[in-house]
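Undergrad: This is the structure I have questions about; it appears just below.
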Amino acid sequence: MCSSRRGDGSLGSTNVAHGREVLPTNVKPVHYDLTLEPDLVKFTYDGTVIIDLDVAEDTNSISLNANELQIHSAVVSVEGAVVAANPEVTMNKDAQVATVTFGETIVAGKKAQLKLAFTGELNDNMAGFYRSSYKTAKGETKYMATTQMEPTDARRSFPCFDEPALKAKFTVTLVADRHLTCLSNMDIAHEKEVQGGAKKAVTFNTSPLMSTYLLAFIVGELNYIETKAFRVPIRVYATPDQDIEHGRFSLDLAARTLAFYEKAFDNEFPLPKMDMVAIPDFSAGAMENWGLITYRVVDLLLDEKASGASRKERVAEVVQHELAHQWFGNLVTMDFWDGLWLNEGFATWMSWYSCNTFYPEWKVWQTYVIDTLQSALSLDSLRSSHPIEVPVKRADEINQIFDAISYSKGSSVLRMISKYMGEDVFIQGVRNYIHKHAYGNTQTGDLWAALADASGKPIEQVMDIWTKNVGFPVVTVSENPAASSITVKQNRFLRTGDVRPEEDTTLYPVTLALRTKQGVDETAMLTERETEFPVADLDFFKLNADHSGIYRTSYTPERLSKLGQAAKNGLLTVEDRAGMIADSGALAASGYQLTSGLLSLLKSFDSESEFVVWNEILTRLGNLRAAWLFEDHQTRDALKAFQRSLVSAKAHELGWHFSADDDHILQQFKALMFGAAGMANDPVVVQAAQEMFARFAAGDLDAIHPNIRGSVFSIVLKNGGAKEYDIVLDRFRHAATSDEKTTALRCLGSAEDPALIQRTLALASSDEVKNQDIYLPLSGLRSHAAGVDARWTWLKSNWDAIFKRLPPSLGMLGTVIQITVSSFSTPAQLKEVEAFFAEKDTKGFDRAVEQSLDTIRAKISWIERDGGDVENWLKTNSFREKL
Ligand code: BES
Ligand code: ZN
């Protein structure tokens with residue numbers, strides 16, 4: 001047992017160690033025998049749990065977690081003899097702790113047993129043991145029972161010691177109607193008839209030592225497909241309303257991935273089977289429950305003929321991510337939630353690593369630079385960001401750190417260190433770590449120690465700074481031609497551009513990765529505030545080769561345009577080009593550079609040939625246009641004209657016809673350019689979209705290729721009215737795949753007519769949109785000012801209903817707030833949002849509110865600073881005249 005956990009179990013309250021609210025340490029769970037009987041008509045369940053405990057300290061009370069459960073009876077025994085047949089059970093609702101108190105003291109060293117009988121509700125909140133529903137072909141609503149425990153909802157399913165370090169073994173029994181499928185983490189040990197044959201009791205084999213948050217139970221009508229291509233059987237399950245064959249891609253990929261990871265980790269997957277289940281109502285994308293991974297339908301099932309390349313890539317990413325957790329997270333688990341990044345950062349890194357091996361032609365590490373790295377730098381540039389290792393005390397704080405810091409910055413730190421060590425050495429270190437800590441719990445330092453062992457390098461010293469501090473630096477480069485050197489200086493980077501000296505005290509170890517015509521110098525490191533480095537030929541150089549470092553680089557305007565030229569001359573990699581544009585965009589938005597410099601740089605990329613680079617160009621221009629959403633229409637139209645001038649030629653050249661010969665990237669490239677041109681009113685593309693849509697509406701469902709389905713819907717809705725709206729709405733209601741349904745739902749927001757905006761909002765409020773999907777119609781409204789305004793009014797006037805529907809503990813309220821609020825960019829809007837939330841108890845979503853407010857503040861300063869600069873550039877480059 002961890003020595004820092006203080007034992008004060010006799011208080012019957014929680015133990016405050018590290019400032020965390022954790023359970024007392026007087027007893028430790030060893031084994032749970034859990035029986036659950038869900039009622040799919042009343043939406044309740046009965047349960048009993050028998051917990052074997054090691055008694056660590058003399059005790060006359062046992063505290064464990066429970067939330068929204070009725071505990072009806074308790075029995076405490078010691079080595080077979082009952083010591084309390086009906087002890088008192090008290091509940092501390094706020095702490096989510098139940099305490100059983102008895103007269104007799106059980107002495108340290110004994111083995112005790114606690115038996116509890118309880119009932120719970122199969123809730124509608126996608127947390128704990130909950131109900132999920134689907135409609136049959138006849139329109140009948142059917143229900144299943146399923147679980148989502150992470151982070152702290154195992155205690156909502158049954159009373160348990162719900163902390164990741166309190167690993168135990170579990171023997172689960174599910175009692176259900178005979179025709180229903182029962183699943184849990186393990187395979188079935190035995191099944192017997194109960195209640196006179198009316199029901200069956202399915203008992204699963206005892207699990208290995210595991211954390212409570214990884215448990216899962218499912219009862220429902222399910223179909224499956226199976227593969228034997230891996231050492232143990234793998235199955236994909238789905239409800240009968242789905243075509244189970246759509247699980248084939250994930251099933252086959254899972255077999256390859258498990259084999260790959262067994263080899264990479266040099267460790268056999270320890271469970272007897274792997275099931276992956278598509279759940280109709282699911283709050284996250286997927287959950288890595290050991291041996292029973294649950295997914296949102298669109299993230300597991302794929303109809304390759306009816307979905308585009310990006311959906312396929314997302315499914316592949318999710319499947320590989322959850323499978324990586326089977327080792328990293330499930331076998332070796334963080335010791336507490338402040339180590340969440342170990343789980344999520346690692347699974348994120350690992351999924352890209354294996355994906356790159358399986359699909360080298362997807363070039364996912366290029367995508368990483370514009371995707372994961374940018375989301376890390378984006379969130380971490382806010383004052384309201386947090387360190388990777390963040391202290392979390394209470395359950396309601398934990399959900400909020402499943403964010404871009406834990407996932408994206410966490411994985412970026414691993415990408416940085418893996419490049420520094422070399423990927424093979426890195427994997428060797430990870431292997432050692434897995435072997436050493438299997439079935440155990442770790443802290444970040446344990447990973448650094450294993451990596452240091454493998455590499456012989458002082459990893460911890462370098463990495464601690466990155467995981468323990470908030471933020472990252474901007475490295476400013478000045479040139480000394482006389483000395484043939486550069487001077488680089490690091491400072492904290494904030495998007496709001498208003499760093500205070502006391503916020504700028506951390507000096508990061510920054511790998512310069514200096515690219516010159518001679519190649520990349522991987523050794524130079526900036527560890528001080530400012531250092532001079534020799535550069536033999538100042539004609540061409542670039543820092544942060546391939547953007548493996550977690551920082552932004554600020555060059556002089558002259559150097560930046562030289563780099564634009566170097567890009568044209570083929571001196572820079574795709575990652576360099578995309579990363580440089582990203583840096584330039586972020587530096588302009590925060591006042592480190594002028595936005596006119598960014599616009600000139602983007603303009604100079606008109607002959608760019610790569611998808612990933614174009615993607616970043618359009619992201620940065622999109623950010624600028626989104627920030628200027630409430631500015632005068634001449635400027636907005638001029639920015640749109642600039643976008644057209646950038647993309648039209650390329651969009652026309654690539655075209656919007658897809659053939660079997662188009663590779664994965666080309667498909668996405670065509671889709672990107674088509675969408676960007678169409679949304680900027682390129683007349684040829686708009687007309688093409690309208691023609692495809694007309695054929696589609698007339699019944700030719702193949703008229704719109706899945707790669708451009710969303711763009712076509714958005715373009716016609718933007719330029720159309722109720723007629724187009726009704727057709728897209730019908731696709732949301734009746735399309736064959738969840739992918740098309742959700743695409744339609746998201747696109748409805750593109751319609752700008754006030755009456756249609758109201759229909760979109762009413763739809764979001766209605767039962768027709770599942771709670772898991774509310775964010776989709778809302779996010780669709782972000783492309784126009786009227787939609788953004790109406791959405792806020794909707795949030796304010798429906799606050800109580802929304803709050804009730806999406807309780808903060810679910811995590812989705814934060815998402816809805818972020819989507820709704822972050823589109824604002826004026827001082828008046830900022831004031832209004834501040835005033836609205838000032839009166840609210842923001843517990844459970846305070847980070848979302850703070851981060852959204854910071855986002856608005858950053859945009860306000862950007863516009864104030866560079867509004868004139870942007871206008872002048874648009875005039876000088878005659879985009880305002882081109883109207
Ligand atoms: N462990 C998470 C699921 C989760 C998220 C549980 C939030 C509780 C709160 C899972 O491994 C995960 O990270 N899922 C991602 C997918 C992944 C590809 C990034 C998700 O849900 O989107
Ligand atoms: Zn994960």
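Undergrad: Might you check whether a residue that is open to solvent by less than 30 Å² (accessible area, probe 1.4 Å), within 16 Å of ligand 2 (Cβ to nearest atom) and at pLDDT 95 or above occurs anywhere in segment 382-389?
TA: Yes, the conditions are met somewhere in segment 382-389.
Undergrad: Same structure, new question: Which residues, counting only those in segment 90-107, are open to solvent by 50 Å² or more (accessible area, probe 1.4 Å) and either assigned to a strand (DSSP E or B) or among the aliphatic types (A, V, I, L, M) (or both)? Please lay out each step first, then the result.
TA: Of all residues in segment 90-107, those open to solvent by 50 Å² or more (accessible area, probe 1.4 Å) come to 90-94, 101, 103-105, 107.
Answer for segment 90-107, where residues must be open to solvent by 50 Å² or more (accessible area, probe 1.4 Å) and either assigned to a strand (DSSP E or B) or among the aliphatic types (A, V, I, L, M) (or both): Thr90, Met91, Asn92, Thr101, Gly103, Glu104, Thr105, Val107.
Undergrad: Being within 16 Å of ligand 1 (Cβ to nearest atom), in contact (Cβ under 8 Å) with a residue 60 or more places away in the chain and of a type in the set (Lys, Arg) is true for just one of Lys419, Lys409. Which residue is that?
TA: Sole residue among the options that is within 16 Å of ligand 1 (Cβ to nearest atom), in contact (Cβ under 8 Å) with a residue 60 or more places away in the chain and of a type in the set (Lys, Arg): Lys409.
Undergrad: Could I ask something else about it? For segment 569-585, name all the residues that are touching a residue at least 60 places away in the same chain (Cβ under 8 Å) and open to solvent by less than 10 Å² (accessible area, probe 1.4 Å).
TA: Within segment 569-585, Asp576, Ala578, Gly579, Ala582 meet the criteria.
Undergrad: Here's something else I'd like to know. With respect to the numbered conditions (1) among the hydrophobic types (A, V, I, L, M, F, W, C); (2) under 16 Å from the mean Cα position of the chain (by Cα); (3) under 20 Å from Ala324 (Cβ atoms), which one is the sole condition not fulfilled by Trp362?
TA: Going through the list (1) among the hydrophobic types (A, V, I, L, M, F, W, C); (2) under 16 Å from the mean Cα position of the chain (by Cα); (3) under 20 Å from Ala324 (Cβ atoms), Trp362 breaks only (2).
Every residue, every condition in (1) open to solvent by 20 Å² or more (accessible area, probe 1.4 Å); (2) assigned to a loop (DSSP other than H, G, I, E, B); (3) not aliphatic (A, V, I, L, M), yes or no:
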site	(1), (2), (3)
Thr119	yes, no, yes
Asn125	yes, yes, yes
Phe129	no, no, yes
Ser133	yes, no, yes
Gly139	yes, yes, yes
Asp162	no, yes, yes
Leu174	no, no, no
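Undergrad: Could you tell me whether any residue of segment 358-368 is more than 13 Å from ligand 1 (Cβ to nearest atom), in a helix (DSSP H, G or I), open to solvent by 10 Å² or more (accessible area, probe 1.4 Å) and without any contact (Cβ under 8 Å) to a residue 60 or more places away in the chain?
TA: yes
Undergrad: Same structure again: Residue by residue through segment 603-613, note down the ones that are over 22 Å from the mean Cα position of the chain (by Cα) and touching a residue at least 24 places away in the same chain (Cβ under 8 Å). Explain how you work it out, then say what you get.
TA: Kept after step one, since they are over 22 Å from the mean Cα position of the chain (by Cα), are these residues of segment 603-613: 603-611, 613.
Passing the criteria: Lys603, Ser604, Phe605, Asp606, Ser607, Glu608, Glu610, Phe611, Val613.
Undergrad: Right, here's the next one. Which condition breaks for Leu34 when tested against (1) within 32 Å of the chain's Cα centre (by Cα); (2) at pLDDT below 95; (3) aliphatic (A, V, I, L, M)?
TA: For Leu34, the failing item is (2).
Undergrad: Test Leu340 against the criterion of being assigned to a helix (DSSP H, G or I), within 13 Å of ligand 2 (Cβ to nearest atom), touching a residue at least 60 places away in the same chain (Cβ under 8 Å) and of a type in the set (A, V, I, L, M), and give yes or no.
TA: Numbers: assigned to a helix (DSSP H, G or I): yes; within 13 Å of ligand 2 (Cβ to nearest atom): yes; touching a residue at least 60 places away in the same chain (Cβ under 8 Å): yes; of a type in the set (A, V, I, L, M): yes.
Considered against the rule, which asks whether it is assigned to a helix (DSSP H, G or I), within 13 Å of ligand 2 (Cβ to nearest atom), touching a residue at least 60 places away in the same chain (Cβ under 8 Å) and of a type in the set (A, V, I, L, M), Leu340 comes out as yes.
Undergrad: Right, something else. Looking at (1) over 29 Å from Ala395 (Cα atoms); (2) within 16 Å of ligand 2 (Cβ to nearest atom), which one does Ala264 not meet, given that it meets all the others?
TA: (2)
Per-residue answers, yes or no, for (1) at pLDDT 95 or above; (2) within 26 Å of the chain's Cα centre (by Cα); (3) among the aliphatic types (A, V, I, L, M); (4) assigned by TED's automatic domain parsing to the domain that holds Leu183:
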position	(1), (2), (3), (4)
Val75	yes, no, yes, yes
Val78	yes, no, yes, yes
Glu104	no, no, no, yes
Arg131	yes, yes, no, yes
Glu140	yes, no, no, yes
Arg155	yes, yes, no, yes
Pro159	yes, no, no, yes
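Undergrad: Oh, and also: Could you tell me which residue of segment 296-309 is most open to solvent (accessible area, probe 1.4 Å), considering only residues that are in contact (Cβ under 8 Å) with a residue 40 or more places away in the chain and within 16 Å of ligand 2 (Cβ to nearest atom)?
TA: Checked segment 296-309; the qualifying residue most open to solvent (accessible area, probe 1.4 Å) is Arg296.
Undergrad: Out of curiosity, is Ala450 of a type outside the set (S, T, N, Q), under 24 Å from Ala513 (Cβ atoms) and modelled with pLDDT of 95 or more?
TA: So Ala450 fails the test.
Undergrad: Let me ask something else about it. Can you pull out every residue in segment 399-427 that is closer than 16 Å to Asn343 by Cα and not in a helix (DSSP H, G or I)?
TA: If the condition is that a residue be closer than 16 Å to Asn343 by Cα and not in a helix (DSSP H, G or I), then Phe402, Asp403 are the ones that fit.
Undergrad: Then there's this: Filter segment 390-416 for residues that are away from ligand 2 (no atom under 14 Å from the Cβ) and among the small types (Gly, Ala, Ser); which is farthest from the chain's Cα centre (by Cα)?
TA: Among them, the one singled out is Ala395.
Undergrad: Is it the case that Phe845 is open to solvent by 10 Å² or more (accessible area, probe 1.4 Å) and either within 22 Å of Glu397 (Cβ to Cβ) or touching a Lys or Arg at 6+ places or on another chain (Cβ under 9 Å) (or both)?
TA: Here the answer is no, as Phe845 does not meet what is asked.
Residue-by-condition table, conditions (1) away from ligand 1 (no atom under 15 Å from the Cβ); (2) of a type in the set (Val, Ile, Thr); (3) at pLDDT 95 or above; (4) under 29 Å from Ala201 (Cβ atoms):
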position	(1), (2), (3), (4)
Tyr224	yes, no, yes, yes
Phe230	yes, no, yes, no
Arg235	yes, no, yes, yes
Ile244	yes, yes, yes, yes
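Undergrad: Among (1) part of a helix (DSSP H, G or I); (2) without any contact (Cβ under 8 Å) to a residue 40 or more places away in the chain; (3) surrounded by fewer than 24 Cβ atoms within 10 Å (Cβ to Cβ), which single condition is Gly678 missing?
TA: (3)
Undergrad: Which condition from (1) open to solvent by 30 Å² or more (accessible area, probe 1.4 Å); (2) under 25 Å from Asn623 (Cβ atoms); (3) assigned to a loop (DSSP other than H, G, I, E, B) is the one that Phe824 breaks?
TA: Checking Phe824 against (1) open to solvent by 30 Å² or more (accessible area, probe 1.4 Å); (2) under 25 Å from Asn623 (Cβ atoms); (3) assigned to a loop (DSSP other than H, G, I, E, B), the one that fails is (1).
Undergrad: Additional query: Inside segment 308-348, can you point out the residues that are within 11 Å of ligand 1 (Cβ to nearest atom), within 24 Å of Gly445 (Cβ to Cβ) and among the hydrophobic types (A, V, I, L, M, F, W, C)?
TA: Within segment 308-348, Ala324, Phe328, Trp337, Leu340, Phe346, Ala347 qualify.
Undergrad: Give me a count of the residues in segment 614-640 that are surrounded by fewer than 17 Cβ atoms within 10 Å (Cβ to Cβ) and either free of Cβ contacts under 8 Å to residues at least 40 places away in the same chain or outside any helix (DSSP H, G or I) (or both).
TA: Here the count works out to 4.
Undergrad: Look at Gln593 and say whether it is without any contact (Cβ under 8 Å) to a residue 40 or more places away in the chain, in contact with a strand residue (DSSP E or B) (Cβ under 9 Å, 6 or more places away or on another chain) and open to solvent by less than 60 Å² (accessible area, probe 1.4 Å).
TA: yes
Undergrad: Then there's this: Is at least one residue of segment 310-332 open to solvent by less than 10 Å² (accessible area, probe 1.4 Å), more than 11 Å from ligand 2 (Cβ to nearest atom) and in contact with a Pro (Cβ under 8 Å, 6 or more places away or on another chain)?
TA: Yes, some residue in segment 310-332 is open to solvent by less than 10 Å² (accessible area, probe 1.4 Å), more than 11 Å from ligand 2 (Cβ to nearest atom) and in contact with a Pro (Cβ under 8 Å, 6 or more places away or on another chain).
Undergrad: Kindly list the number of the only condition in (1) surrounded by fewer than 17 Cβ atoms within 10 Å (Cβ to Cβ); (2) more than 21 Å from the chain's Cα centre (by Cα) that fails for Gly429.
TA: Only one criterion is unmet by Gly429, namely (1).
Undergrad: For segment 349-356, check the following and say yes or no: at least one residue is farther than 30 Å from Lys741 by Cβ, more than 16 Å from ligand 2 (Cβ to nearest atom), open to solvent by 20 Å² or more (accessible area, probe 1.4 Å) and modelled with pLDDT of 95 or more.
TA: yes
The values are calculated or read from the model by the stated rules, or taken from the named source; none is laboratory data. If you're wondering where the values come from, they're calculated on a predicted model, not measured in any experiment. All Cβ positions, glycine included, derive from the backbone under ideal geometry; neighbour counts span all protein chains shown. Each accessible area value is taken on the protein alone, full model and side chains, heavy atoms only, with ligands, DNA and RNA left out. Shrake-Rupley method; radii C 1.70, N 1.55, O 1.52, S 1.80 Å.
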